[in-house]
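These notes concern the structure reproduced below.
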Amino acid sequence: MTEPSSTLPTRILGKTGIAVSEVGFGAWALGADWGTVTEDDALAALRAGVDAGMNLIDTADIYGGGRSERIIGKFLNELPDSASSGIHVITKMGRGEGWDSSADAVARAAEGSLERLGVDSLDLVQLHCVPFEVLSEGTVFASLEQARDQGLIRHYGVSVETIEEALFCIRETGAASLQVIFNIFRQRVIDELLPVAAEQGVGIVARVPLASGVLSGKYTSGHRFTDDDHRHYNANGEIFNVGETFAGVSFDTAVNHASAIDALLANECPGATPAQKALRWILDYDAVSTVIPGAKSSQQARDNASASRLPRISDDAHAGLADFYQREIAATVRGVY
């Protein structure tokens, strides 16, 4: 692979000062939990995303027991030095059995990610939805500071499940960024979090932007996902936080919402897909540093990147979606957020 053939508009990722592409590559599916993704397909998707201008890849040490990080490491290794130096990998730690918030545990986790990714230092490490009591106790942030002093990481942030956790991290910690679930199904973030983050210079990484794919408009009621896909085994929060799957909305209800949203956006961004419009809607909020849709194929990666070049959604359409959220969506979102 040579130099990327395209660039995307960039934004500053909060207190890191790093200019990242507005649309990044969400690499959860390259590890596990989204059905089978071969290594060849994963590498092809990464190549397509970076070739389309993405310079940010989001992963975690737990995705496939390190598989996602290892694949990304293999991808980075095939890049020329000039290209690989411009790719920013942000990873996560803090989930899984036996993990604690001590300095030793944080250092070991960082060293494991460094080895799998094949890099000398981690641009950004995010705590991976650890319990609020761990955040509020504070030891973990001292441990992250120590890892930064040791040169293992450059910056740290937090991936959170609730707005309360996000506001705590902004006000009480040195977090450079926050990763939050933000999409058309999860609009409370707009008034309750984004202004505070912007005022304090904390970056926002928007995850689950397509509500686990439902906002792509590809699914109909009754669709069955494969047994190894979290959209099957965590559809109602059976294994982990319900908000991570369909943004907390039951699948059939989410499909109905997506159809109505598609109609509300029918006259926006001519030629764009429902998924691209949903991503563009998120990017219309300037407090968002980057949005990280997943991709399991080259075409998905290219389509995701293209959302960054779409015109902004009209004010009338934004108002219509806000009204639809209040009337129809808000009461159907399950789980605390």
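Scanning region 287-337 for residues that are of a type in the set (Phe, Trp, Tyr) and more than 21 Å from the chain's Cα centre (by Cα) yields a count of 2. The condition (being assigned to a helix (DSSP H, G or I), under 18 Å from Gly65 (Cα atoms) and of a type outside the set (Val, Ile, Thr)) is satisfied by just one residue among Glu133, Glu145, Glu115: Glu115. Residues that are among the hydrophobic types (A, V, I, L, M, F, W, C) and in contact with a Pro (Cβ under 6 Å, 6 or more places away or on another chain) within region 280-301 comprise Ile282, Val291, listed in sequence order.
Within region 287-322, track down each residue that is touching a helix residue (DSSP H, G or I) at 6+ places or on another chain (Cβ under 9 Å), free of Cβ contacts under 8 Å to residues at least 40 places away in the same chain and surrounded by fewer than 20 Cβ atoms within 10 Å (Cβ to Cβ). If the condition is that a residue be touching a helix residue (DSSP H, G or I) at 6+ places or on another chain (Cβ under 9 Å), free of Cβ contacts under 8 Å to residues at least 40 places away in the same chain and surrounded by fewer than 20 Cβ atoms within 10 Å (Cβ to Cβ), then Arg312, His318 are the ones that fit. Residues in region 238-256 that are of a type in the set (Asp, Glu), over 17 Å from His128 (Cβ atoms) and touching a residue at least 24 places away in the same chain (Cβ under 8 Å): Asp252 only. From the list Tyr325, Tyr337, the one residue that fits, being at pLDDT 95 or above, among the hydroxyl-bearing types (Ser, Thr, Tyr) and either in contact with a helix residue (DSSP H, G or I) (Cβ under 8 Å, 6 or more places away or on another chain) or part of a helix (DSSP H, G or I) (or both), is Tyr325. Hey, can you tell me all the residues within region 253-279 that are farther than 20 Å from Phe182 by Cα and not in a loop (DSSP other than H, G, I, E, B)? Scanning region 253-279 gives a single hit, Ala263. Taken as a whole, the condition of being under 17 Å from Val205 (Cβ atoms), small (Gly, Ala, Ser) and touching a Lys or Arg at 6+ places or on another chain (Cβ under 7 Å) does not apply to Ala48. Lys277 meets each of the listed conditions (1) out of contact with any helix residue (DSSP H, G or I) (no Cβ under 7 Å at 6 or more places or on another chain); (2) surrounded by fewer than 22 Cβ atoms within 10 Å (Cβ to Cβ); (3) over 21 Å from His88 (Cβ atoms); (4) not aromatic (Phe, Trp, Tyr) apart from (2).
The values are calculated or read from the model by the stated rules, or taken from the named source; none is laboratory data. Remember, predicted model here, so these are calculated numbers, not experimental data. All Cβ positions, even for glycine, are placed from backbone atoms using ideal geometry, and neighbour counts span all protein chains on display.
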